[in-house]
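All remarks here apply to the structure that follows.
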Amino acid sequence: MNLYSPYIEFNRKEWAELKEHQTTLPLTEAELEQLKGLNEEVSIQEVEDIYLPLTHFINLYARVSRELNQLTASFMKKEALPTPYIIGIGGSVAVGKSTAARLLQALLARGKNSPKVDLVTTDGFLYPNAVLQEKGIMNRKGFPESYDIKSLIQFMGDVKSGKPEVKAPVYSHLAYDVIQGEEKQICQPDILIIEGINVLQIKKETPLLVSDFFDFSIYIDAEEEHIRHWYVERFKLLRNTAFQNTDSFFHQRFANIDEEETVRTANQIWQDINAKNLHENILPTKGRARLILKKEADHSIGQIQLRKL
């Protein structure tokens, strides 16, 4: 171990040994199946070895944050207003961010005193397809310029300030668009998880960054070849499931292509869009995360890095 590294590094065994002793796992196999994403392999053992220590660690940080908030208010002779502890989760398309976010939400909500834990994805802050088409950047969907960052930062500021009710737009992966008129209400949660490929990115046009509002941040990492393979496998599954739905944005384009064309199409999309976005905008933000979870080819997390600074 390099004593002068900016990270404290753990292998899987070392990290698993950090979990607190408990007799029962707060999650059943059936519940885990409901939380897993398409083509995402997560075992109960993974939950026990990786997510339980992570949940305990975050609970520790959240408790200290609340205590600091109370001490600060006491020093200033002001009332301590409740503000959520905000966790950001970033990483590439198809790396497993959504599953990690849902798992953390479920486990944190089952902690001591049963805190209220909400989850918001930044997909809802993508510009609607009509706007992307008007701007001529429909093929750049997922890149920084395709997000309404000002609205996202306004949302983050309202939530962090303790506003009683804040509304977040909702995205449909079936329609491949923001759902007009549909919103998710966020009402003063104890913990808020923000998940998306752009959560750690820097945008010069705004004086604030999304990550400025985070109390803790996580980057889900993996070798690019593993992520590409997961993306292709997921695309194949979607062709046989969601794309068969006539309401799917991709129904006419991909529902009836054969296996060979499916693989070729998925690889082309990865090369032209997702890999480019990964290298230009997502991977460079990895070092901004407080915690990095490195996944192996079988989706299991084999290395954990906690930033010291």
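The values are calculated or read from the model by the stated rules, or taken from the named source; none is laboratory data. Not measured: the values here are computed from a predicted model. No Cβ is skipped: glycine too gets one built from the backbone with ideal geometry, and neighbour counts run over all protein chains shown. The protein model used for the area step is the full one, side chains on, heavy atoms only, and it has no ligands, DNA or RNA in it. Shrake-Rupley method; radii C 1.70, N 1.55, O 1.52, S 1.80 Å.
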Shape of region 183-229, Cα gyration tensor, a/c cut at 1.5: oblate
With all protein chains present, calculate the accessible area of LEU283 using a 1.4 Å probe and round the result to the nearest 10 Å². 60 Å²
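Just to confirm, what accessible area per residue do you get for region 46-110 at 1.4 Å probe, in whole Å²? Provide the component values of the computation, followed by the final result.
Numbers: 2860 Å² over 65 residues.
Per-residue accessible area for region 46-110 comes out at 44 Å².
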Any lysines with Cα under 20 Å of the LYS141 Cα? List them, leaving off those in the same chain fewer than 8 positions away. LYS97, LYS150, LYS203, LYS204, LYS276
Heavy-atom accessible surface of region 64-172: percent carbon and sulfur, 1.4 Å: 53 percent
Quick one: pull the percent of accessible area on region 215-309 belonging to carbon and sulfur, 1.4 Å probe, ligands and nucleic acids left out. 46 percent
Distance (nanometres) between label positions extended 7 Å along Cα→Cβ at GLN303 and SER151: 3.9 nm
Degrees separating the helix 97-109 axis from the principal Cα axis of the chain, which is the longest one: 30 degrees
Nearest 10 degrees, 0 to 90: helix 224-240 Cα axis against the chain principal axis: 60 degrees
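Say R0 is 51 Å: what FRET efficiency, to the nearest 0.05, do GLU14 and GLU79 get from their beta-carbon distance? Can you show the working numbers first?
Working: r = 42 Å, r/R0 = 0.83.
With a Förster radius of 51 Å, E is 0.75.
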Relative to the chain, whose Cα atoms define the longest principal axis, helix 52-75 and its Cα axis are tilted in degrees, nearest 10, by 50 degrees
Computed label-point distance, nm, for sites ASP212 and GLU224 using a 7 Å Cα→Cβ extension: 3.2 nm
Along the chain, longest interval not containing exposed trypsin sites (Lys or Arg not before Pro), exposed being DSSP loop plus at most 10 other Cβ atoms within 10 Å: 205-307
Test of understanding: what is the full-extension gain from GLU33 to ALA130, defined as 0.36 nm times their sequence separation minus their Cα-Cα distance? 31.4 nm
Where GluC sites (Glu not before Pro) fall in DSSP loop in region 3-56, at most 15 other Cβ within 10 Å: GLU17, GLU20, GLU41
Over the alpha-carbon set of region 57-144, work out the extent along each principal axis and list the three values in angstrom, largest first. 52, 30, 18
As a test question: what accessible area, to the nearest 10 Å², does MET76 have when a 1.4 Å probe is rolled over all protein chains in place? 110 Å²
